[in-house]
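See structure below.
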Amino acid sequence: MKKVTLAKSAGFCFGVKRAVDMVYKEAENVSDIYTFGPIIHNEEVVNDLKGKGVNVIEDEEELKTIHNKTIIIRSHGVSRHIYDVIKNNGNRIVDATCPFVKKIHKIVYEHSQNGETIIIIGNSTHPEVVGIKGWCLGKTHVISCAEDIENLDIKNDEKVCVVAQTTYNFNKFEELVEILEKRVYDIIAVNTICNATEERQTEAKSLASESDAMIVIGGRQSSNTQKLFQICKDECDCTLFIQTINDLKLEELTSVRSVGITAGASTPNNIIEEVWQACQKKILQNY
């Protein structure tokens with residue numbers, strides 16, 4: 001029997017839904033709104049908001065030119081000093097930072113206040129990691145692989161606090177912490193990976209292992225979607241990464257009996273539903 005299975009965890013996570021809802025609510029009442037960076041990593045959502053008068057500030061230099069407006073801090077969060085830049089120009093702040101990211105800001109701020117070295121496990125160029133680093137007061141390192149640990153300038157007796165990007169691969173985080181613990185004696189490792197991320201990754205791996213083809217839906221710039229794709233690809237050779245229904249080549253599903261579908265945390269439900277319906281129709285036609 002042929003079937004299409006949609007992962008229960010597919011789609012908006014709590015932090016993303018909260019941020020998007022906040023922006024849409026502001027857009028109903030304020031005509032001139034800005035977000036510092038795209039509110040989430042999904043072009044469809046960002047373009048829809050643009051049509052409602054929500055503009056995107058690309059960098060700090062542009063931010064410094066904005067005065068007396070409403071500025072929304074995106075779900076990924078920002079460095080501590082960005083708040084001062086916004087306030088000093090007379091702007092109103094709407095803080096849509098994911099609460100789980102806010103928690104990391106507090107952890108690294110307090111531990112670095114105590115003189116501890118902070119190690120962030122994640123993608124150094126990702127806005128969430130850039131923001132976390134901006135809350136550290138002292139020595140800070142960002143690592144993403146075992147090779148990065150080999151190059152760390154760190155002493156055995158240093159006090160170290162380790163955190164992770166909320167969307168980082170949980171298994172890889174544990175591997176890197178284990179390597180760090182062999183090198184550093186005084187270490188505190190805080191698993192700051194979002195529960196929704198762990199659940200999504202675990203479900204995706206299981207679904208991919210049981211499917212002939214796997215479809216991962218999400219923005220190309222979305223870190224958590226990229227990780228989902230890799231997890232699924234490791235389990236299922238026929239894994240497709242698409243942003244919308246327009247990217248889906250249904251002919252690739254002609255000979256498969258089972259299709260699994262998952263989606264990143266920034267993927268709207270309507271896009272997921274379109275893909276699911278199209279796959280259902282294709283599978284039934286071939287059955």
Comparing Cys236, Cys145, Cys161, which has the greatest mean-square fluctuation in the GNM of the chain with Cα pairs linked when under 10 Å apart?
Cys145
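Before anything else, pin down the relative contact order of segment 167-287: Cα pairs under 8 Å, at least 6 apart, normalised by residue count, whole percent.
Details: 147 pairs, mean separation 31.7, N = 121.
Averaging sequence separation for qualifying contacts and normalising by length gives 26 percent for segment 167-287.
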Semi-axes of the equivalent ellipsoid for segment 93-232, Cα gyration tensor, largest first, Å:
28, 19, 12
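Would you please name the chymotrypsin sites (Phe, Trp or Tyr not before Pro) within segment 157-221 that are DSSP coil residues with at most 16 other C-beta atoms within 10 Å of their C-beta?
Details: sites: Tyr168, Phe170, Phe173, Tyr185; in loops: Tyr168, Tyr185.
Passing sites in segment 157-221 are Tyr185.
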Alpha-carbon radius of gyration plus Dmax, which is the widest Cα pair, for segment 16-78 in Å
10.7, 29
Which residue fluctuates the most in the chain, going by a Gaussian network model with Cα springs under 10 Å, if the choices are Gly37, Gly51, Gly260?
Gly51
When N is the residue count of segment 1-50, what does its C-alpha Rg come to as a fraction of 2.2 N^0.38 Å?
1.52
At q = 0.10, 0.17 1/Å the base-10 log of I(q)/I(0) from the Debye formula over the alpha-carbon atoms of segment 1-133 is -0.37, -0.94
Per-residue SASA entry for Thr35, accessible area with 1.4 Å probe, Å² rounded to 10:
0
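Quote the FRET efficiency, to the nearest 0.05, computed for Asn55 versus Thr202 with a Förster distance R0 of 35 Å and r equal to the Cβ-Cβ distance. Present the calculation step by step, with values, prior to reporting the outcome.
Details: r = 38 Å, r/R0 = 1.08.
That gives a FRET efficiency of 0.40.
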Local net charge near Cys232, Cβ-Cβ under 13 Å (Lys/Arg +1, Asp/Glu -1):
-2
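Over the chain, what is the relative contact order in whole percent, taking alpha-carbon pairs under 8 Å and six or more residues apart?
Working: 542 pairs, mean separation 62.5, N = 287.
The value is 22 percent.
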Across all Cα atoms of the chain, Rg and the largest Cα-Cα distance (Dmax), in Å, are 20.7, 65
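Where does the longest stretch of the chain lie that holds no trypsin sites (Lys or Arg not before Pro) found in a DSSP loop with 14 or fewer other Cβ atoms within 10 Å?
Working: sites that count: Lys8, Lys52, Lys64, Lys155, Arg220, Lys249, Arg257.
Longest run free of exposed loop sites: 65-154.
Just to confirm, what accessible area per residue do you get for the chain at 1.4 Å probe, in whole Å²?
Values: 13910 Å² over 287 residues.
Using a 1.4 Å probe on heavy atoms only, each residue of the chain averages 48 Å².
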Charge dipole magnitude, Cβ of K and R +1, D and E -1 - the chain, Cα centre, debye nearest 20
720
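Per the 1.4 Å probe, what fraction of the accessible area of the chain, in percent, lies on carbon and sulfur atoms? Intermediate results must be reported in sequence, preceding the final value.
On the way: 6340 of 13910 Å².
Looking at the chain in its full context, I get 46 percent from C and S.
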Taking springs between alpha-carbon atoms closer than 10 angstrom, which of Gln165, Gln230, Gln243 fluctuates most in the Gaussian network model of the chain?
Gln230
Which Rg and Dmax, in Å, describe the Cα atoms of segment 141-206?
12.9, 41
How large is the charge dipole for segment 111-265, taken about the Cα centre, if only the Cβ atoms of Lys, Arg (+1) and Asp, Glu (-1) carry charge, to the nearest 20 debye?
380
Would you work out which of Leu49, Leu63, Ile107 lies farthest towards the positive end of the dipole of segment 1-107? Charges go on Cβ: Lys and Arg +1, Asp and Glu -1.
Ile107
At 0.36 nm per residue, minus the direct Cα-Cα distance, what do Lys159 and Gln230 gain on full extension? Give it in nm, one decimal, please.
22.2 nm
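Please report Rg over Rh for segment 219-287, where both radii come from the alpha carbon positions and Rh follows the Kirkwood definition. Provide the component values of the computation, followed by the final result.
Values: Rg = 12.1 Å, Rh = 12.7 Å.
Rounded to two decimals, Rg/Rh equals 0.95.
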Per the Kirkwood definition applied to all pairs of different Cα atoms, how many angstroms is the hydrodynamic radius of segment 88-127?
12.5
Place a +1 charge on the Cβ of each Lys and Arg in segment 1-100 and a -1 charge on the Cβ of each Asp and Glu, then give the dipole magnitude about the Cα centre in debye, rounded to the nearest 20.
600
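The values are calculated or read from the model by the stated rules, or taken from the named source; none is laboratory data. In this text the structure is predicted, and so the values were computed from the model without any measurement. Here the Cβ is made from the backbone with ideal geometry for all residues, glycine too, and neighbour counts use every protein chain on show. The protein model used for the area step is the full one, side chains on, heavy atoms only, and it has no ligands, DNA or RNA in it. Shrake-Rupley method; radii C 1.70, N 1.55, O 1.52, S 1.80 Å.
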